[in-house]
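Reviewing the structure listed below.
The values are calculated or read from the model by the stated rules, or taken from the named source; none is laboratory data. Bear in mind the structure is a predicted one, so any value in this text is a computation, not a measurement. Every residue, glycine among them, receives a Cβ derived from its backbone with ideal geometry; neighbour counts consider all protein chains shown.
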Amino acid sequence: MRGARLLAALAAVASLAAAAEPAERLSDPAKEQRARALFQEIRCVVCQNESIDDSEADLAADLRRLVRQEIAQGETNDQVRASLVRRYGEFILLKPRFSVGNAALWLTPFLIVIGGVAVFLVRRRTIVPEGDDLSAAEEVRLNRITGGPADEA
């Protein structure tokens with residue numbers, strides 16, 4: 001019971017952390033909840049691996065205000081995301097949308113490795129192992145160079 005109260009208190013403090021001032025929060029709890037959900041999806045372009053909800057950078061605070069402002073104006077979540085992508089590029093989204101460009105970006109390293117392994121295997125198969133036996137002509141030539149036994153031809 002005591003642990004549940006402590007957990008609830010920590011959750012309440014954490015939910016207020018995104019707004020530097022209470023005046024920044026939206027008066028409608030449903031809209032504020034939507035804004036908070038969007039904060040988790042948007043990358044802080046300063047910190048790069050944090051959401052704007054987790055970041056304390058000034059730009060993250062500006063982005064939080066912008067998201068709240070757009071939601072207050074009646075924009076949908078998709079419209080808010082689209083406006084941020086137009087402004088900052090798809091990098092702003094922590095989970096980028098699936099597209100041919102993104103698929104190529106993620107798959108190219110794997111294709112390069114697979115291609116390298118294929119080239120290695122093909123080249124390995126085509127290498128002819130060296131034999132110890134010399135042809136008759138090579139043996140005669142070697143004997144001339146080294147002064148070995150006279151050839152019988």
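Remarks
- Restricted to segment 34-57, and to residues there that are surrounded by fewer than 22 Cβ atoms within 10 Å (Cβ to Cβ) and among the small types (Gly, Ala, Ser), the residue that is nearest to Leu93 (Cα to Cα) is Ser51.
- Boolean, Asp78 is exposed (fewer than 11 other Cβ atoms within 10 Å of the Cβ), in a helix (DSSP H, G or I) and in the same structural domain as Ser27 (by TED's automatic domain parsing): yes
Okay, residues lined up against (1) modelled with pLDDT under 85; (2) part of a loop (DSSP other than H, G, I, E, B):
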{"position": "Glu56", "(1), (2)": "no, yes"}
{"position": "Arg65", "(1), (2)": "no, no"}
{"position": "Ile71", "(1), (2)": "no, no"}
{"position": "Arg87", "(1), (2)": "no, no"}
{"position": "Thr108", "(1), (2)": "no, no"}
{"position": "Gly115", "(1), (2)": "no, no"}
{"position": "Gly148", "(1), (2)": "yes, yes"}
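- Filter result for Gly89 (within 30 Å of Asp54 (Cα to Cα), out of contact with any helix residue (DSSP H, G or I) (no Cβ under 9 Å at 6 or more places or on another chain), small (Gly, Ala, Ser) and free of Cβ contacts under 8 Å to residues at least 24 places away in the same chain): yes
- Considering residues of segment 89-106 that are assigned to a helix (DSSP H, G or I) and among the hydrophobic types (A, V, I, L, M, F, W, C) only, the residue surrounded by the fewest Cβ atoms within 10 Å (Cβ to Cβ): Val100
- Contacts under 6 angstrom Cβ, first residue in segment 54-81 being within 13 Å of Arg34 (Cα to Cα), partner among the basic types (Lys, Arg), 6 or more apart: Ile71/Lys31; Ile71/Arg34
- Unique match (being among the hydrophobic types (A, V, I, L, M, F, W, C) and modelled with pLDDT under 90) among Ala82, Ala17: Ala17
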